[in-house]
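Enquirer: What follows is a structure written as structure tokens; I'll ask about it next.
Throughout, read-outs are computed from the coordinates displayed, never taken from laboratory work. Quick caveat: nothing in here was measured; it's all calculated off a predicted structure. All Cβ positions, glycine included, derive from the backbone under ideal geometry; neighbour counts span all protein chains shown.
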Amino acid sequence: MLYIDNRFNVSDKNIRTVSSSGKIKKTVSVSAPLKSLSESGYIDNLKFKAHIKSVYDDICNKIDLNEQIRPKLEFDTMGAGAAGGFDNLEGKIYFDDKFLKQLSDKTIVFAIRHELQHVKQFHNMVRMLGIEKFEKLMACKDENCTENKSLNFEKINIEYYSKVEQVLGKINKDSPEGVLTQKYIDAYKKYPDLIKLWKRTDICMLKKICIFAHEVICNYKFNFLEIDANKAAKIFLKTFKNL
Ligand SMILES: [Zn+2]
């Protein structure tokens, strides 16, 4: 579940693509690798990470995300032009601090709230499906699958998701929350695996960038999980104007 900021300007490639219906034309930026940090920037970097962690905690408190089930925030290089992402298997949030540093404070708040909405989406899914079906959905993108060969099974943080179920309780599929959760499940099944695509070595770079841009525009930007996360982040910024 990535946060890709296509307003971000450190780019070496701008790609224009057209959706399958032929109507949507948009450009996407694929960012160039950022320069590594000098030694003198090391302390600054630590301070920046501490600052991001405190902003993260503040936003979690404002949206009442219980501390017991708050995903751990870690810093890592995301690649694929992404500022951050929620790893829905591990139940952790990652941000690329070098990338974040170049964004405005408001955009950083937007990105964090956006990822926290993904957290809520996956909380809802496990609360409605129960841990067993949720595992199948995460591993095979099918909650009723009978195979368990997918490697993703090993990566799912069962302890974290069991805690979520225990702390937040079940969601009834016929309730309004249940109807919304079903939309999350359907959208997840169509969600592209952009990191996996970015790491492919069997195709040339140009081809990879073309497929990537197509996936970002047609299957990522308009996926309900992304639309819902952007909407929640926009409402958050409006509600807490003085951030
Ligand atoms: Zn997202």
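Enquirer: Which residues' amide hydrogens lie under 5 Å from the amide hydrogen of F75, considering only partners 5 or more residues apart or on another chain, with H built in the peptide plane?
Expert: Those lying under 5 Å, H to H, from F75 are F95.
Enquirer: Pop a pseudo-label 7 angstrom from the Cα along the beta-carbon direction at both K163 and H51 and give the gap in nm to one decimal.
Expert: It works out to 2.9 nm between the two label points.
Enquirer: Another question, then. Please list, or write none, the aspartates and glutamates whose alpha carbon is within less than 13 Å of the alpha carbon of K49, excluding same-chain residues fewer than 8 places away.
Expert: K49 reaches D57, E74, D76, D96, D97.
Enquirer: Let a ≥ b ≥ c be the square roots of the eigenvalues of the Cα gyration tensor of segment 100-230; is it rounded (a/c under 1.5), or, if not, prolate (a/b larger than b/c) or oblate?
Expert: oblate
Enquirer: Quick one: Karplus J couplings for segment 45-60, per residue in order, coefficients 6.51, -1.76, 1.60, θ = phi - 60°, nearest Hz, x for Gly and Pro?
Expert: 5, 4, 5, 5, 5, 5, 5, 4, 4, 6, 5, 4, 4, 4, 5, 4
Enquirer: I need F95, F236, F48 ordered by Cβ neighbour count within 10 Å, fewest first.
Expert: F48, F236, F95
Enquirer: For K92, list long-range residues whose amide hydrogen, built 1.01 Å from N in the peptide plane, is under 5 Å from its own amide hydrogen.
Expert: Here D87 satisfy the definition.
Enquirer: If we count other beta carbons within 10 Å of each Cβ, what is the order of L180, L137, fewest first?
Expert: Least crowded to most crowded, the residues run L180, L137.
Enquirer: Checking the table K106/K196; K62/K234; K120/K190; K106/K234; K72/K238 against a 20 Å threshold on Cα-Cα, which pairs fail?
Expert: Too far apart for the 20 Å limit: K106/K196; K72/K238.
Enquirer: Another one. Please rank L100, L65, fewest neighbouring Cβ atoms within 10 Å first, as an exposure proxy.
Expert: Going from least to most buried by this count: L65, L100.
Enquirer: Based on the Cβ-Cβ distance from K238 to C204, what FRET efficiency comes out when R0 is 30 Å, to the nearest 0.05?
Expert: Step by step, r from the Cβ atoms, then E = 0.10.
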